[in-house]
Amino acid sequence: MEDPQLEEDQMNPTKRIRKLTLGATALGGLALGAAMPALAADSGPIKIGVIGEASSVAGASIINAAKLAADDINQAGGIDGRKVEIITYDDHSSASDAVSAFKRLATQDKVAAVVGSYISEIALAIEPWSGRLHMPYITPGAASTKITAAVHKNYKMNKYTFQGWLNSAFLAQSVCDFGKDEMVGPYHMKTAVIMSEDAAWTKPLDETYKKCLPKVGLKVLDEIRFNPDTTDFTPIFNKIEGQHPDVIVTGISHVGVRPTVQWHDQQVPLPMFGISSQASTSTFWKDTNGAAEGVLTQTGAAPDVATTPKTMPFAKAYQAKFGDSPSYVGYAAYDDVNAFAQAIKRAGSTDPDKIVAEMEKTKMVGTTGTVQFYGKDNQYAHGLEYGKGKVTGLFIQWQSGKQVTVWPEDVANGKMKFPSFVKLTAATH
Amino acid sequence: MEGSHVMAKNVLEVEHLQKRFGGLVAVKDIGFTLKAGEILGLIGPNGSGKSTVMKMVMGIEKPNAGRVVLDGTDIAGWPTAKIAHQGIGLVFQHSRPLHRQTVLENIKLALLPDSLLRLVADPSHDERARAIADRVGLGGVLDRLPSTLPFADLRRIEMAKALAREPKVVLVDEPFAGLTPREVADFSALIHGFREEGRAVLLVDHNVKSVAALVDRALAMYLGEEIASGTAEEVTRNETVRKVYMGGEIAAHPRPDLVQTSGSPLMQVKDLSVRYGKAQALEGVTLDVREGEFVSVVGLNGAGKSTLFNAISGLLPKSGEVVWDGAPTTGRSVAQIARGGIVQCPETRELFGYMSVRENLDLGGAHLEEAERTAQLESLLELFPRLRDRAKQAANTLSGGEQQMLAIARALMMKPRLLILDEPTLGLAPVILDQLSQALHRLRDTTGITVLLGEQNVTFALPHSDRIYVLQHGHIVWEGKPDAFGAEMGDQYL
Amino acid sequence: MTAIQILIDGFVISALYGLGAIGFTLIFGVTGVLNLAHGGIMVIAALVGWDAANRFSLDPYGAAALGVLAGLIAAYVTYFVVIRPIQRSKRIPADETEIFILTATLLWGVMIQEGMAYLFSDNPVTMRPLLPGVVHILGDRTPVNELMIGVLCWVVIGLLWLVVYRTRFGKPLLAASENPRALGLLGFEMSNIHLFSWTIYGILTGVAGVLLASFLGVSSASAGGLTASAFSIVVLGGLGSVWGSLIAAYVVGYMETITAYVISPQLRPIPALIVLVLVVYLRPQGILGRR
Amino acid sequence: MKTILRSRLLWLMLPALVIAAVGPWWLSAYYLGVLTMAYYFGVFAMSWDLLFGYAGMVNFGPTFLIGLGAYGAALLDTYAGAPIVVCLIFGGLMSIIGGILLALPALKLRGAYFGLVTLVAVLLLRYFIVIFSGFTGGEIGMMVPDILSIDTATNYEYALWFMAASALILVIISRSSLGLILEATGQDPIAAAALGFNVAKHRLAAFCISALFSGLAGGMMVFYSGTASVGTVIDISIGVQIIIAAVVGGRRTILGAMIGSIVILLADELLRPLGQLNIFVVSGICLAVIIVFPGGLLGLMHRQREGA
C-alpha cells in the first residue's frame, strides 16, 4: 500500500478507467475496456458464459435455452440465493471468434463456467483454452470423440472440458440400433451407403457406422464424404443410386436443407435415416418448403414426447418464449446450464477445480434423460454417458409439417411414413 | 566543341525500323543516325508514327523489324531498363513525379542503382542531385513537393531525372508543350547544353516550327513513313511537308453573298482558359460564330484546338464563358450541350467500332422523331453514298476516310445548329481529302448549316471558310477573312 | 445414363452461372464497376423471396417476383449509396477510384451477408419449385423444376438480348460499353444510362438469385462464394463481354459437373480453377475479351 | 512539410509503443488477447500495404502468403517436431517460395487480373488443404504441439515486439532507396524502366518481402493460438479484413495499416455486445470512413495538420 496510486485505484475503479481513457488517447479505444475490476468472488450473481452461433438455428437455441435455464433456476431461488446471470456472445461460426469470446468471458466477464457451440471444430479450439485458463467448459452439441479423448489423454490439462451431448460414436450406435429395429426388421433391407459431410464430428461417426451397420445386417456398399460447401447433390445421389443400396445413412449437420430438398425434388427413391441435425429444428419444414417429408433423424428429445418429466415443460416454455421449438442442442444446453448450476451449488464456490470435481459427480434428470459423465479413465472421459436409463436420444420423422417420434418404441407416437417416390424394397440382388 | 563534331561517329543508328499494330502499319522502314553532340528533330502530325519510333528506340514498344544500334550494339527489342543502362534516356512529356517526395528526392531516385540490396543511397548522390538541380533550374525549390510547383518545374524534374543517368542519347518528347515563351527559351538553352556535353539528342515534336531553331537536322514523318529529311529549313520548304501541314496551295472561296456581320452571334466564346493540371492549354480565347457561318480555327497540332472544342462541349473544366443562343452554357452537362445544338465531331472520331454503320447513325439520331430521323438518314446517305453501301458493316472495318464520313454523318444525324468539326483530315490520303472537301462544300451550300472547323491543314480549311482564327500556343493570334490569310499569315504558319 | 445426367445437369448449372455472371459483366462493361457485393444482391433476392412466400403465403411466382424486386432495390442502393459517392468524390484520385470501389463493394458485401444472417439466419433456404415433379428423359430422372430453371435462364438471357439489340433503349448500353465519351457528345446523359444499366443489372441478378434458391438453395453465407464464381467466369470469358461470359459459364459448368460425376464431388471446383489460372496467365483478356 | 509529418508520426509512435509495452500492467488479460491478434493482423496489413501502396499491386489474396507461412510452420512442428524458431523460419521460406511461384507469371498482369490470380491462389490453397485433410487437418484445422506461451502477457509482448520490429523494418524499407524505386515502379512502370530500373525484379522483391512478413506473422499466430485452421489464416474473409484495415488506416503509409488493424479489431471487440450485428456495424463504419475520408485514419491526421 505504499503506492498511493494503487490504493486509489482499488478504492475507485471507475475513476481509474476514466483516467486511463484520457491518458491513452494516442492508442485509440485501447483503454476503454481496460482493467475491468474483478468482482468480489462471493457476492452478486453467478455468471455463466454462453457462446452460440446466433445466425444458425441450432446455435441460436443454445443461447435461448441457456437463458431459459437461468430464468428457471432464478425462479427457484437461484444458487444458494445468488442469481444466475447469462452472458452471451455470438461466434459467427468461427473458431477464432469463439476463442476470443471464450477469453473475454474468462478474463473480463469473470464467469464461473462456459456453455458453448455445437460445432466440433470450435469446441476443439476452445478446449485448450479452457485448460489454460482453468475455465470449466461444456459443449452442448459438438460430437467429436477427439474432445473427450483429449481429456482422457491429458486429464490434468483438459479436465475443465465436458461434452454435454452424445459423441459421434454413440450417435452412430443409436443410428445402428434404429436401423436394426426399423429398417432391417420390417423391410428386410440389406445394404446401405453412408453419406456424411466432411467434418470433425463425422470421422468417428463414419468409423462407428462402418463397424455397427454390418453387425445389424446392413452391408456398407460405399462411404461418401462430401465437402460441407457442396451445393449440388445431384452427382452424389446419382452415384449412390448407381450402387443400388436399400437405404442411405446420413451424417449431416452443417448441411441439411440442400441435400433434403434435392433428394425430394429429384425423387431419389431411397429412404434416408441417420443424423441430420438441421432436421431436428422446428424451422426445417419451412426452410425446405416441405421437402422434409419422410426425413428421419436422430435427436435428443421431442417437444411432445415425455422422455423425462422435464422434457415437455421445457419445450413448452421455450415455444412460448421464442416462438419455435428447441433443436437438439437446445435441450442439451438447458441441461448443461442446470448441471453447472448444481455443481456450483454442491461445490459451494466458483473455484474451477471444485466445479469440475462436482460436475464429475453429476447425476441429474435432464430433458433428454439422466445426465452423467464418464470418468477420467474412460476413453470418453467427461463425455455424456449413453445407454438405457441414461441418454439414448430418439428418432423423429417429418410427416406433413410435424415431427413425429418413431423410435424407440416406448416413446414413439407415430409410425414411419415415406413419400410415394421412396421405394421401400429389399435389394433385388 | 566544333572539333567534337568532326570527330564524332554515329552514336545511334536506326535502320529499317518497322512496327505493326494488328493490321495497321504504324511505322514503315524508318532509319536515321545521330552523332554525339547532334540534335535531330523527329517531326510529324498526330498519328504519323513518330512517338512509336521514339518508344521503339527506348524499348517501350518492340519493333517488328529493323535495327537500333547504340555504339555498335543492336539493342532493338531489349527491355527498357537494359536500354536505359546502355545509355539512352527519355524525357517524358507528361511528368509523373513521386508526389510525397521532394524535388531533391525525386532527382535522387534517378541516381539510384538498379539494385535491391542498397537500402541507403550513396552519400555522394546528394551532392550530385543538387548539382543537377542547379543545372536545370530547380536549385531554389529542392525541398518542395512537386504538387506545389508550376508546370515548367515539373518538366524540369523530368529533365533532371533523364540527365542523372548520364545518357549518351537523350530522347525528348514534345519539349515545349504547355510552356510559356520564356520557359521555351530556358528549355532550349538546356537542350543546347546537352549538345555541348556531347550527348546526342532526339527531339520529338508535332512540327518543325517549334524546334527549328534548335535542331541540326530534322526528319519528317507522315502515316508511318519518312517524307523529308535535312536541315530544318529544307524540311520546312519541302513540298510534301507543306502539303501535309498546309495542304499545298492556299486558296480561298468565301461566300460573298453571306453578309451577316450584324445581329447577335449564335455562339460566343468569352475569355476561355483551360488548364491541364498545371499546364496552361488555352488562355483567354475569345471568338464568335454567327448563324450560317463557316468558321475555321487553324493551328498546328498541340496549339489547343481540341482543347477549345472540348471545353465548348463541356468535356473539360474551364474558366470564362460560352454563350450559346444568348444564354451561357455553364452548368450544363455534355449531353445537354449536345442536345442544345452544339454537336462535336471529335478528332478521334469516337465511333462505336463494334457496331454497324447504321447503328452508329441511329444512335446519332436517337433523339429525333421517327419520321424526322428517317428523312435525315436519307439525306445523309445521299451526301455520303459510301455509307449506304457499308450500312451493315462494323465501323472499325471501314477505311479511315469512310470512318471520318461516318463520324461526320453521325454528328449530323443530331441535326446540329452548330457542327464542330475537329481535324477531319487527320491521317487521310489526298484522294479522300478531295471527297471530304466536296461533301463539306455541298453541305455548306445546300443546308445552310453553321460550322466551326478546327484544322491544321490550312488548304483544306480555307476554301470552305467564311472566317478564320489562327490558334498558337493556346492563344488566338490572328483573325480575318480567308483571302487575307495567305498574305498576312502564310509564312508564319509553318 | 450418367452421360445424359451430366448433359442435363451441366446445362442447367451452366445456364444459372451464366445468368449470374451476365449482370456482373454488363455492369462492368457499361459503367466500369466491378461489384464485389454481387453475390450479396443475389442472396437478398433469394432470401426476401423465400421469406415473402412464407410470410404472405404467396405462390412460387409471386414470391419470385418479390425476390426480383428486392434484388432490384438492392442494386439501386448499391449504386446510389456505395458506388456513386465514390465516383463523384473529389477527394479520391481518379486512378484510385477502382480500388476504392473494390474495397467499398467488398465491405458492402460483408454488410449484406451479416445483415441477411441477422434477419434470416445463415441456414440455406430453398424457394418452392416453380413446377414440381420429375420427368424421365431417355431413362434419366430429372426434376421438371430443373428443366424449367434452365429454360427460364435462357428466356431471360433472350429477353436481355432483345432489349439490348432490338430496342432503342438497348443500343446506348452497347455503345456505352465501347465509348461512353462519344455517347455524351451524341446527347445521351450518362447518368441515365448508368441508372438504366443498374436497373437491368438488378433484375438479372435478382432473377439469378431467385432461380438459384429454387434449384440449389441459398444462404446468407453464399454471398462471397457467388461473387467469386461470377468474377471467375467473367474473367474467363473476358471482362465486359456478355457472350464471353456465357461461353465461360458453360466451360466452367460442364467442367465442374463432369468432375463431380466422373472423378469425385470433392474435387468439383479444382479443374475449373486451374483452367482459370492458366487462361489468366496465357490470355489475360479472356476467351472473348478485346484489348 | 513531409519530414515534419514523418518525425511527428515517429514521435507519436514511440510513446505509444511504450504505453503498449507496459500493457500488461494496465490492460485486462482479455484485452491483451484481443490486441495480440490485432498486432498480428497489423503485420498482415502492413505487408499488404507495402505491395499495394508502394509497388502498386493489388493483392486480393494476402491469405495465400499467410496461409503458406502458417501451415508451413504448423506442419513442420507437427511432423518433425522442430523448435518453434525453425518452424517460423521454414514458414517464412514457404511463403516466399509460394509467393515467387505465384508472382513470377503474374507480375506482367495488370490491375484486376493480378488481383484475380491472387484470389484464385487462395481458393486453390484452400482446396489443397481440404483435399489433403489427412495431413493438414482439412477444414477442421490442425492442432500444433507447441505454443509460444500460455501466459497472456508473454504472448502479448511477443506479438507487440514482433509487430514493432516488422513495422520498423517495413517503414525503413518503404523509405529506403528500394521503397523509392518501388513507388516509382508502382506509379508509372514505363517511366521507371526508362530510368533503368528493372520493374519485374523490384516487384518480385516487394512480393518476397511482403511474403516473408506475412508468413512469419502467420506462423506466429499459429503458435499463439495453438491451431492452424482455414478459417483463421486462409479464408478470403480474412484477406478482406486485412485489405479493409489497410485502406481504412490510410493506404501508402505502412503505419496506417497497423493502426487500421488495431482500431478495427478493437472496434470489433468493443461492439461484441451487439451480438450478431457487430460485424455489420464495423463494416458500415469502415465503409463510411473510406467514402468520407478516403485518406484513411492517418490521412485524416495529415489533413488536420495541413489545415493547422
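The values are calculated or read from the model by the stated rules, or taken from the named source; none is laboratory data. Just so it is clear, the model here is predicted, and its values are computed rather than measured. Neighbour counts run over all protein chains shown; Cβ positions are idealised from the backbone, glycine included.
A compact table of results
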| quantity | calculated |
| --- | --- |
| Total residues in segment B:337-376, condition among the hydrophobic types (A, V, I, L, M, F, W, C) and either surrounded by fewer than 16 Cβ atoms within 10 Å (Cβ to Cβ) or in contact with an Asp or Glu (Cβ under 8 Å, 6 or more places away or on another chain) (or both) | 5 |
| Failed criterion for A:Lys286 (all others in (1) in contact with a helix residue (DSSP H, G or I) (Cβ under 7 Å, 6 or more places away or on another chain); (2) crowded, with 21+ Cβ neighbours inside 10 Å; (3) within 11 Å of chain C (Cβ to nearest Cβ); (4) assigned to a helix (DSSP H, G or I) hold) | (2) |
| Helices (runs of 4 or more DSSP H) fully within segment D:213-308 counting 3 or more residues that are without any contact (Cβ under 8 Å) to a residue 40 or more places away in the chain and under 19 Å from the mean Cα position of the chain (by Cα) | D:255-270 |
| Qualifying positions in segment B:53-79 - among the β-branched types (Val, Ile, Thr), within 14 Å of chain D (Cβ to nearest Cβ) and under 20 Å from B:Leu203 (Cβ atoms) | B:Val57, B:Ile60 |
| Any chance B:Ile408 is more than 14 Å from every other protein chain (Cβ to nearest Cβ) and either farther than 30 Å from B:Leu462 by Cβ or of a type outside the set (Phe, Trp, Tyr) (or both) | no |
| Some residue of segment B:109-128 being among the hydroxyl-bearing types (Ser, Thr, Tyr) and within 31 Å of the chain's Cα centre (by Cα) | no |
| Residues being among the aliphatic types (A, V, I, L, M), closer than 19 Å to B:Gly23 by Cβ and assigned to a helix (DSSP H, G or I) - total across segment B:358-396 | 1 |
| Count of residues meeting criterion [over 18 Å from the mean Cα position of the chain (by Cα) and closer than 18 Å to B:Ala121 by Cα] in segment D:160-203 | 16 |
| Extreme residue, nearest to the other protein chains (Cβ to nearest Cβ), among residues of segment A:259-283 that are in contact with an Asp or Glu (Cβ under 8 Å, 6 or more places away or on another chain) and part of a helix (DSSP H, G or I) | A:Asp265 |
| Single match in D:Val117, D:Val144 (criterion: among the β-branched types (Val, Ile, Thr) and within 23 Å of D:Ala206 (Cα to Cα)) | D:Val117 |
| Segment A:326-370: number of residues that are assigned to a helix (DSSP H, G or I), charged (D, E, K, R) and farther than 30 Å from A:Phe284 by Cα | 6 |
| Checklist (1) part of a helix (DSSP H, G or I); (2) under 26 Å from C:Tyr201 (Cα atoms) applied to C:Pro271, failing item | (2) |
| Only one of A:Thr250, A:Thr230 that is part of a loop (DSSP other than H, G, I, E, B), crowded, with 19+ Cβ neighbours inside 10 Å and either under 24 Å from the mean Cα position of the chain (by Cα) or at positive phi (or both) | A:Thr230 |
| D:Ile169 being surrounded by fewer than 22 Cβ atoms within 10 Å (Cβ to Cβ) and facing another protein chain (nearest Cβ under 7 Å) | no |
| Matching residues in segment A:107-125 - criterion: being in a helix (DSSP H, G or I) and either in contact with a strand residue (DSSP E or B) (Cβ under 6 Å, 6 or more places away or on another chain) or surrounded by fewer than 24 Cβ atoms within 10 Å (Cβ to Cβ) (or both) | A:Thr107, A:Ala123, A:Ala125 |
| Some residue of segment C:57-66 being touching a residue at least 60 places away in the same chain (Cβ under 8 Å), part of a helix (DSSP H, G or I) and closer than 30 Å to D:Phe52 by Cβ | no |
| Residue match in segment C:243-251 (condition: within 14 Å of chain A (Cβ to nearest Cβ) and within 30 Å of A:Ser196 (Cα to Cα)) | no |
| Segment A:153-172 - residue that is touching a strand residue (DSSP E or B) at 6+ places or on another chain (Cβ under 7 Å) and not in a loop (DSSP other than H, G, I, E, B) and, of those, farthest from A:Glu360 (Cα to Cα) | A:Leu171 |
| Residues of segment D:174-190 satisfying the condition of being over 26 Å from B:Gly77 (Cβ atoms) and more than 7 Å from chain B (Cβ to nearest Cβ) | D:Ser174, D:Arg175, D:Gly179, D:Leu182 |
| Identity of the residue in segment B:274-286, part of a strand (DSSP E or B) and either of a type in the set (Asp, Glu) or touching a Pro at 6+ places or on another chain (Cβ under 9 Å) (or both), that ends up farthest from B:Val451 (Cα to Cα) | B:Arg275 |
| Condition broken by D:Ala193, with the remaining ones in (1) within 14 Å of chain B (Cβ to nearest Cβ); (2) modelled with pLDDT of 90 or more; (3) under 20 Å from D:Gly53 (Cβ atoms) satisfied | (3) |
| Residues that are farther than 30 Å from B:Lys82 by Cβ and touching a helix residue (DSSP H, G or I) at 6+ places or on another chain (Cβ under 7 Å), drawn from segment B:114-167 | B:Gly137, B:Gly139, B:Val141, B:Leu142, B:Asp143, B:Arg144, B:Leu145, B:Leu149, B:Ala152, B:Asp153 |
| Residue identified as farther than 30 Å from C:His136 by Cβ and of a type in the set (Asp, Glu) among C:Asp9, C:Asp51, C:Asp59 | C:Asp51 |
| Any chance B:Asp271 is within 14 Å of another protein chain (Cβ to nearest Cβ) and either in contact with a Ser or Thr (Cβ under 8 Å, 6 or more places away or on another chain) or not in a loop (DSSP other than H, G, I, E, B) (or both) | no |
| Looking only at segment C:120-146, and only at residues there that are aliphatic (A, V, I, L, M) and assigned to a loop (DSSP other than H, G, I, E, B), the one that is farthest from the chain's Cα centre (by Cα) | C:Leu138 |
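One line per residue, one yes/no per condition, for (1) touching a residue at least 60 places away in the same chain (Cβ under 8 Å); (2) surrounded by 18 or more Cβ atoms within 10 Å (Cβ to Cβ):
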| residue | (1), (2) |
| --- | --- |
| C:Thr167 | no, no |
| C:Gly170 | no, no |
| C:Ala175 | no, yes |
| C:Asn179 | no, yes |
| C:Phe188 | no, yes |
| C:His194 | yes, yes |
| C:Val210 | yes, yes |
| C:Phe215 | yes, yes |
| C:Val218 | yes, yes |
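Matching residues to (1) within 18 Å of B:Arg349 (Cβ to Cβ); (2) assigned to a strand (DSSP E or B); (3) outside the structural domain of B:Glu347 (by TED's automatic domain parsing); (4) touching a Phe, Trp or Tyr at 6+ places or on another chain (Cβ under 9 Å):
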| site | (1), (2), (3), (4) |
| --- | --- |
| B:Leu406 | yes, no, no, yes |
| B:Leu436 | yes, no, no, yes |
| B:Arg442 | no, no, no, no |
| B:Thr446 | no, no, no, no |
| B:Phe460 | yes, no, no, no |
| B:Phe485 | no, no, no, yes |
